[in-house]
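Quick notes on the structure that follows.
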Amino acid sequence: MYPSAGSRAPTAVGPALSTLILTLALAGCGGTGKPQPARIEIQEEVGFVITEEARITSVVRADYDEGVRLLEQGQPEGIELLAKAVEEAPELSAPRIDLGIAWHRAGNLEAAEEQLRKALETNPAHPVVHNELGIVYRKAGRFAEARQSYEAALGVYPGFHFARRNLAILCDLYLADLECAVENYRAYLETAPDDKEAEMWLADVRNRIGQ
């Protein structure tokens, strides 16, 4: 008997993305301006770094930072501050991503999807957004869309182990695509060789398909 879906939670990246792989760099604080497209820099030894540059006010930056800080402490008031930052600077993707993740964790999948899809309008190749949307779709039972989202994230950065693990679990437990599960568990374990649970899951799938 293999583990239930509940024991294989999808892996998210944030919040706060700013402390992990997303940097919101200021070009100044004298007003808003059109942001430059986010730059994705692949650094094989650590993953990837995403930098978004824009001219924003000090108020927007303060709301964003405080919202992130509150959410890291488990305080839902952070959602209001992130929503305020999004309203003040709707052209930026970073606040929208963290807001989408916050809504997801609060159980509001519709609001989470709205913010993440708007973030994709600004940065359509953003791997973190694709991964987070995949999680939202999976929880909503939209498995085909979840797969497309995880695969889109991996299309940008094949070594994105969070997305790789999520795709493996999706194929294993929700799509009954065991060949896909084996392929992605194996690829995931190449980047996370100490994950003993994933080793067990891979062995279980191989046993079910007679490998």
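Each reported figure results from applying straightforward, stated rules to the coordinates on display, with no laboratory input. Every value quoted in this text rests on a predicted model; they were computed, and no experiment measured them. Quick reminder, even Gly has a Cβ in these numbers, built from the backbone with ideal geometry, and neighbours come from all protein chains shown.
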(request) Please report how far the C-alpha centroid of segment 171-186 lies from that of segment 81-104, rounded to the nearest whole angstrom. (result) 33
(request) Starting with the fewest neighbours, write out 137, 174, 185 ranked by other beta-carbon atoms found within 10 Å of each beta-carbon. (result) 174, 137, 185
(request) Treating cross-link reach as a plain straight distance, find the aspartates and glutamates whose alpha-carbon is under 16 Å from the alpha-carbon of residue 84, omitting any fewer than eight places away in the same chain. (result) 63, 65, 66, 98, 114
(message) Can you give me the distance in nm between label points at residue 108 and residue 148, each placed 7 Å from the Cα along the Cα-to-Cβ direction?
(response) 2.6
(message) Given contacts defined as C-alpha pairs under 8 Å and at least six residues apart, what's the relative contact order of segment 69-175, whole-number percent?
(response) 17
(message) How much length would be gained if the chain were fully extended between residue 87 and residue 73, taking 0.36 nm per residue of separation minus their Cα-Cα distance, in nm to one decimal?
(response) 2.7 nm
